[in-house]
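Trainee: First the structure, which I've put down as structure tokens, then a few questions once you've had a look.
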Amino acid sequence: RNHPRMAIGIDWLRAKVAPGRDTLQADGSIIAAAPPPGAGPEVVLGVRAEDLTLDAGGAQAAISFEAVIERVEFSGARYLAAARVGESPIAFEAASPVAPDDRVRLYAPRARLHFFDAATGLRIEPA
């Protein structure tokens, strides 16, 4: 079937704050990221596609989560991937090949995450 070209931008994940406040739960997926102090029981996590990578790169301050690849386009030097974290769609660029139905672990620097209150839409400032 014919698909429109993928757009790479910011990915939004609606998540519940886990009871210990050390992880988030998005559509059954666990995201290893603690919300900022003052976050309510549900947040929207924003992360730019260019900040997502398949390689942790030894970064101590990285968060991670599992995604399932749905579609891939080769753009010449990189692969543009459309994936899902639970029911939430995300897109990212990969330097190495990925294929539909692959389960991958994505990483992002904690400092590049953006948290919003799910009820009000207001940004939650980091501590």
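Trainee: Under a 10 Å cutoff between Cα atoms, tell me which one of ALA81, ALA91, ALA39 has the largest fluctuation in the Gaussian network model of the chain.
Mentor: The residue with the greatest mean-square fluctuation here is ALA39.
Trainee: Per residue, how many Å² of accessible area does region 70-127 show with a 1.4 Å probe?
Mentor: On the way: 3360 Å² over 58 residues.
Per-residue value: 58 Å².
Trainee: Also: For ALA32 and ARG112, calculate 0.36 nm times their separation in residues minus their Cα-Cα distance, and state this gained length in nm to one decimal. If you can, show how the numbers build up before the last one.
Mentor: On the way: separation 80, 0.36 × 80 = 28.80 nm, distance 1.42 nm.
In short, 27.4 nm is gained.
Trainee: Just how many % of Cα pairs in the chain lie over 26 Å apart, if you round to the nearest whole percent? All intermediate terms of the calculation are to be shown ahead of the outcome.
Mentor: On the way: 1595 of 8001 pairs.
Percent of Cα pairs beyond 26 Å in the chain: 20.
Trainee: Report, to one decimal in Å, the Kirkwood hydrodynamic radius for region 81-120 based on all distinct Cα pairs. Kindly include the intermediate steps, with their values, before the conclusion.
Mentor: Details: mean 1/r = 0.0803 Å⁻¹.
Result for region 81-120, one decimal place: 12.5 Å.
Trainee: Follow-up question, since we're still on this one. For the chain, with all protein chains present and a 1.4 Å probe, just round the carbon and sulfur fraction of the accessible area to a whole percent.
Mentor: Numbers: 3610 of 7130 Å².
Summing carbon and sulfur atoms, their accessible area is 51 percent of the total for the chain.
The values are calculated or read from the model by the stated rules, or taken from the named source; none is laboratory data. It should be emphasised that the depicted structure is a prediction, and the values quoted were computed from it without experimental measurement. These accessible areas exclude ligands, DNA and RNA; they are computed on the full protein's heavy atoms, side chains included. Shrake-Rupley method; radii C 1.70, N 1.55, O 1.52, S 1.80 Å.
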